[in-house]
Structures are given as C-alpha cells and as structure tokens.
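Asks: Below you'll find the structure I mean.
We did not get these values from a lab; they are worked out from the coordinates using the rules stated. Note that the structure is a prediction, hence the values are computed from the model and not measured. Don't worry about glycine lacking a Cβ; one is built from the backbone with ideal geometry, like all the others, and counts go over all protein chains shown.
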Amino acid sequence: MARSAELHLDGRSIELPIIEGSEGERALDIRGLRDKTGYITLDPGYANTGSCQSTITFIDGEKGILRYRGYPIEELAEHSNFLEVAYLLIEGRLPNPQEFDNFEGSITRHTMLHEDFRRFFGFLPKDTHPMAACSAAVGALSAFYSDSLDPHNPRHMEISVHRLLAKMPTMAAYAYKHSIGQPFLYPRNDLGYSANFLHMMFGTPCEPYEADPVIEKAIDLLLILHADHEQNCSTSTVRLVGSSMVNLFASISAGIGALWGPSHGGANQKVIEMLEEIRDEGISAREFVERAKRGEDTARLMGFGHRVYKNFDPRMKIIKKACFDVLEKLGVHTKLLEIAVELEEIALKDDYFVERKLYPNVDFYSGVIYNAIGTPANMFTAIFALGRLPGWIAQWSEMHADPDFKIGRPRQVYTGETLLEYQPLSER
Ligand code: CMC
C-alpha cells in the first residue's frame, strides 16, 4: 500500500505521498502542496530537496558508499576504464565487447576539432583560465554543429554525445597549449582516451611523445572517480539549463562554469595552492588548520568537507592510495604530499572538524598526483570536467526521458518592499 504523511496546517490536514527509492531513501512528495495549502517549502542550498528521481548514481554519505548504476566505485576503479564507465553511465549498463568497440571507435573518430577552433583559441588572452576556455569552446560546439542539436532526435543526440566526449580532451589540451604558447597538436587516434589526452597536453611537434603507462593509468583512474556524483552543483546546473530545452552543448558549457567554483571542482586547484603556500611560507600544518578554523586568510581547509559525505569520501580513499603508488612508481618525492598527510591527520583529530563531520574529499589528494605528473594547477579542474562529462550527459538524457519532466523553476519567499509609488526622476 502506498504510504503517505499527514501534514496539519492552518487547522486542515493534507496527505503527502511518500516516495521510496530502491536503496530505502525516503522523500515527501510536495508537488501538490502549494495548490492545496498556499504554502511552498524553503530550503536554501537545496540541502533537503530532491529535484528528481534518478537511476544513475547512488551515494550513502553516512556509510561512504558510491555506486554508478549499481556498481561500487571501488570495483570500477580497479577493473574498468574511463570509456567503459562512460558507456555504463550513459547507456545504463556495461557494454559487451562489440558494443564497447563500436563506442570506442566512434569516440576515437571524432577527436579532431574543426580547424577554425585554432583561431577560436588563438583569440583568447594567454592567461585565460582553461575552465573559461573549455566552457566557451563547448558552448561554441552548438555553433559548429548546429545541424544536430535537437534533444528529441535520437540520432542528433548520439552524434552530439560522441562529439562531446571525443572533443573535450582536445579542447582542454588546446586551452593549455595556448596558455604556454606551444603549437596545438592533432589528436592521435592510435592512442587510448587518456594517452591521447596526455599526448596533446605534453607532446610537441618536434619529437615523439610516449605517455608513461603509470601516468596514463592514473589519469584514467581519476576520470573514473570523477565520472558522476548525482545532483551536485554542476550536474544540477546542467539539468536546470537543459530543462529550458536548450541543446546539450549549451547545458554542458554552463555545467563547466559551475564546476569551476572553489566550493566545487575548483577546490582541487585551491588545495595545491594551499599546500604550496604552507610549504613556501613555512607555516606549520597545525597553524594552518587553526587559521582555517578561525576563517582567517584561508577561509577554509580546502579539500575538506562535503555536503553529502559525513563519514568519509570513498573516492578520497582510492585517490590517496593511488597518490602514494604513482609517486613511488615515478620516483617522485614531494613535500606537498607530506604536508597533505599532516594536515589530514591533524584535522581528523580536531574537535572542530570532528563535530562538523568534515573529512578529506575527492579533491584533497588528486592535485598532488596531477602536480607530480607535471600538470599545471590551473588545468586540474579542467581534468575534473573531462571526468564529469559522462555523468552530466547521462543526467541530462535521463531528465529528458523522465515522464515527470518540467522546466526547472524554483519559487521564492519575497522579502522586499511592498507596493511603492513611482516618483519621476525630477521629483527625487
Ligand atoms: N574548512 C573549515 N570549515 C569548514 C569547511 C572547511 N573545508 N567546510 C565546512 N566548514 C564548516 C563551516 O564553516 C560550517 O561551520 P559552522 O557550522 O560553524 O558555520 C560547517 O563546517 C558546515 O559547513 P557548510 O558550508 O554549511 O557545509 P556545506 O555542506 O554547505 O558545504 C562544502 C560543503 C564542500 C562546500 C564545504 O565543506 C567547503 O567549502 N569545503 C571546502 C571546499 C572543497 O573542498 N570543495 C570540494 C567539495 S568535493 C568536490 C565536489 O564538489 O564534487
């Protein structure tokens, strides 16, 4: 029997249906609330608001569980690869060998950018942040491919999805090459997804570049770990923008903007800048933690805290281990890792962090790996965006197929002036 909750309000009683998810998560369906009572709900930051029902990603923040389409992140990190995870998220199931070959083949064939993108990137100032360049370039795809933008045309959607997955690494690498004044490299379709990205980032036309397999595997792992995270800020942005029926490229371009912020994906750049500041200014880890608690200089301990994870972030555990492995295999010794470990140890025992359930998140150690493999700090968030792309696409597609689909349009409680009479300028 369908369950419901009873709400007593203004002397009346109304029933609110209870929706239960497959993992036991419960929600009150308030869709009819305003019509029946005149009330809306108020939830700044949407901390307590479900915006959709979704079959893509499950998180249990209390237990530190993350699963894509039912598969634990730990298993995918160990056995899968990024393109397979992308297929899983977008298509809803793991591919068979033939399906995987077709998918990989199609992504590989679309890696090249329209030649005019060279001029597009060339016009940007040298110090353009890669996230600004990527957001602009992805938005521009809707100009270059204006013939296949209809969200309701399955063929348009398939080609747009493949183009986006294929071209995004090329765009991110172009953004970087432009910033350092090196020539753009064409993609190499004989390479895998991550190796090709590394080739376009670190290769030059003057000599052959071969990606170290340790680095290639590390990048692939980081992309898998970032691939989806249900209704976070950038994903909700992609859904909200897409709900206006605008095309996929415009929606993802907006999502890249949302991810850039330091409270979200931009935290990975901020973490490494924080570690470098501690190293370069000789601040002790303990003093830095005290400053973060007081909200001084550094408003927060970057890479710590999460809206959903209140125990530990399972992605962080995998990344921390990978960080030690990669640095050891590459023979890299960095003070930054020592500082990160010390900060983590201090914060995890500190009452301030314990009481607020603040744990290191996905961004805390990822930057140390990127740094060790020679990636400049301003590219960290762009790599996060590469990883998050399949999640954004899957969520956008799910929204369009949802029978409950509606344009996203929250309400508000107005607290401004009540009716005022307009005074002409000359009388003010
Ligand atoms: N350092 C110091 N204090 C913190 C931190 C931190 N990193 N994070 C939260 N707090 C405090 C905050 O000041 C507040 O204290 P009080 O209750 O005394 O006012 C309390 O903890 C709750 O914080 P909140 O801002 O209400 O929590 P939120 O759920 O709205 O924010 C967060 C989550 C991730 C934005 C926040 O923890 C933060 O800013 N962390 C640092 C930035 C960061 O690492 N972001 C990456 C998130 S994971 C990657 C992704 O986005 O996918």
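Asks: What is the diffusion coefficient of the range 275-399 in µm²/s, taking the Kirkwood radius over Cα pairs and the Stokes-Einstein relation at 37 °C with a viscosity of 0.692 mPa s?
Replies: Estimated via Stokes-Einstein, D reaches 208 µm²/s.
Asks: Can you pull out the GluC sites (Glu not before Pro) in the range 163-241 that DSSP calls coil and that have at most 12 other Cβ atoms within 10 Å?
Replies: The qualifying sites are GLU210.
Asks: Could I ask something else about it? Would you mind checking which residues have amide H under 5 Å from GLY266's amide H? H placed 1.01 Å from N; only 5 or more apart, or other chain.
Replies: GLY261
Asks: Here's a follow-up. Fewest first, what order do THR37, THR108, THR204 take by the number of other Cβ atoms within 10 Å?
Replies: Working: THR37 14, THR108 19, THR204 11.
Exposure proxy ranking, most exposed first: THR204, THR37, THR108.
Asks: Under a point spin-label approximation (7 Å from Cα along Cα-to-Cβ), what is the ASP60-SER244 distance to one decimal in nm?
Replies: Computed distance between label sites ASP60 and SER244 equals 3.9 nm.
Asks: List the pairs from LYS63/LYS217; LYS167/LYS320; LYS167/LYS217 whose alpha-carbon separation is above 24 Å, in the order I gave them.
Replies: LYS63/LYS217; LYS167/LYS320
Asks: Hey, if you put +1 on the Cβ of every Lys and Arg and -1 on every Asp and Glu Cβ in the range 42-122, which of GLY70, PHE117, ASN96 ends up farthest toward the positive end of that dipole?
Replies: PHE117
Asks: May I pose another question? Given 0.36 nm per residue, what is the gain on full extension from ALA377 to THR37 after removing their alpha carbon distance, in nm?
Replies: Details: separation 340, 0.36 × 340 = 122.40 nm, distance 5.14 nm.
Once the chain is fully extended between ALA377 and THR37, it gains 117.3 nm.
Asks: Quick one: compute a quarter of the convex hull surface over the Cα atoms of the chain and quote it in nm².
Replies: Directional mean of the projected Cα hull area for the chain stands at 27.9 nm².
Asks: Three principal axis extents, largest first, for the C-alpha atoms of the range 1-107, in Å?
Replies: Taking max minus min along each principal axis of the Cα atoms, the range 1-107 gives 63, 33, 30 Å.
Asks: Would you mind estimating how fast the range 309-364 diffuses translationally, via Stokes-Einstein at 4 °C and 1.567 mPa s with the Kirkwood radius over Cα pairs, in µm²/s?
Replies: On the way: Rh = 12.1 Å.
So the translational diffusion coefficient is about 107 µm²/s.
Asks: Let me ask another. Please turn the phi angles of the range 221-232 into ³J(HN,Hα) values with the Karplus equation 6.51 cos²θ - 1.76 cosθ + 1.60 (θ = phi - 60°), one per residue in order, whole Hz, x for glycine and proline.
Replies: 4, 5, 5, 4, 5, 9, 5, 7, 7, 6, 8, 5
Asks: In what sequence do LYS167, LYS349 fall when counting other Cβ within 10 Å, fewest first?
Replies: Numbers: LYS167 24, LYS349 10.
Taking fewest neighbouring Cβ atoms as first place, the list is LYS349, LYS167.
Asks: So for PHE197, PHE184, fewest C-beta neighbours within 10 Å to most, what's the order?
Replies: Numbers: PHE197 26, PHE184 18.
Starting with the residue having the fewest Cβ neighbours, the order is PHE184, PHE197.
Asks: Tell me, what is the FRET efficiency for ARG109 and SER4 to the nearest 0.05, using R0 = 45 angstrom and their Cβ-Cβ distance as r?
Replies: 0.30
Asks: So, one more: Placing +1 at every Lys and Arg Cβ and -1 at every Asp and Glu Cβ, with all other atoms neutral, what dipole size does the range 15-161 have around its Cα centre, in debye to the nearest 20?
Replies: Working: 13 positive and 23 negative charges, 102 e Å.
Dipole magnitude for the range 15-161 comes out near 480 debye.
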